[in-house]
Amino acid sequence: QMPTRTCHGRIVNCLALFMMLQSSVNASAAGASESPLGFTEMPEAKNGEWILKSPSGSGNAWGRPEMIRYLQLVCAEWRRRYPNAPIIRIGDISKADGAPFPPHRTHTTGLEVDIKTQPENIADVNYRDQQATLDLAELFYTFGAINILYGRAHNLDGLPIVKVFEGHDTHFHVDVNPANVPRAGDWVFLPRTAIGDE
């Protein structure tokens, strides 16, 4: 069960830390690509840091190598910060050849992904603690998201970081800029926050 958040104004008052990324998070871990576009299939998690909506081999979770690395980084950091929180569930990304992916109108570039969490879904407009939802969205931005579509707007320090989009009441649609995804050895500024921090 998710802890209850008790702090307010955490963006202004929280401590911060710097983390140097380790080379152990590597898109090549997904194995050899069979994509004409150079996409890589999102692998199954070996350490429980994420859950796949569709199992490997389903053809629904192919992305650019930067996207696969991005998802691994976000999931690892979410698990590190909130070890008792629901786990990130990675939904549809793209087909290996970038083909149309109904019912999606997008998901052809290898840089878009649908996100929920399990067993409770934080990315739901009816989730009781929308501050936790914002924490999740903030983490996706920290590692390179440029757009998050959701059924409810959220602001971070007065800036809209989550946009309202019809049909997204129960998940995030995340767009990633590959140029913003940290590489091995990069330093990343990470707010020292945790759900329930005093």
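Coordinate-derived values only; no laboratory data. Fair warning: this is a prediction, and the values are worked out from it, not measured in the lab. Don't worry about glycine lacking a Cβ; one is built from the backbone with ideal geometry, like all the others, and counts go over all protein chains shown.
What the table shows:
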quantity: For Ala123, residues with placed amide H under 5 Å, excluding near neighbours; calculated: Thr117
quantity: For the range 34-46, 3J(HN,Hα) per residue [Karplus equation, 6.51 cos²θ - 1.76 cosθ + 1.60, θ = phi - 60°, Hz, x = Gly/Pro]; calculated: 10, 9, x, 9, x, 5, 10, 7, 5, x, 5, 6, 8
quantity: Gained length - Asp169 relative to Ile146, 0.36 nm times residue gap less alpha-carbon distance; calculated: 6.3 nm
quantity: Added length on full extension, which subtracts the Cα-Cα distance from 0.36 nm per residue, Ala99 to Leu37; calculated: 21.3 nm
quantity: Inter-label distance, nm, simple model (7 Å from Cα along the C-beta direction), Asn177/Ser58; calculated: 3.0
quantity: Normalised per residue, the volume of the convex hull around the Cα set of the range 63-107 (Å³); calculated: 73
quantity: Projected label distance in nm at Asn126 and Lys46, using a 7 Å step from Cα toward the beta-carbon; calculated: 3.9
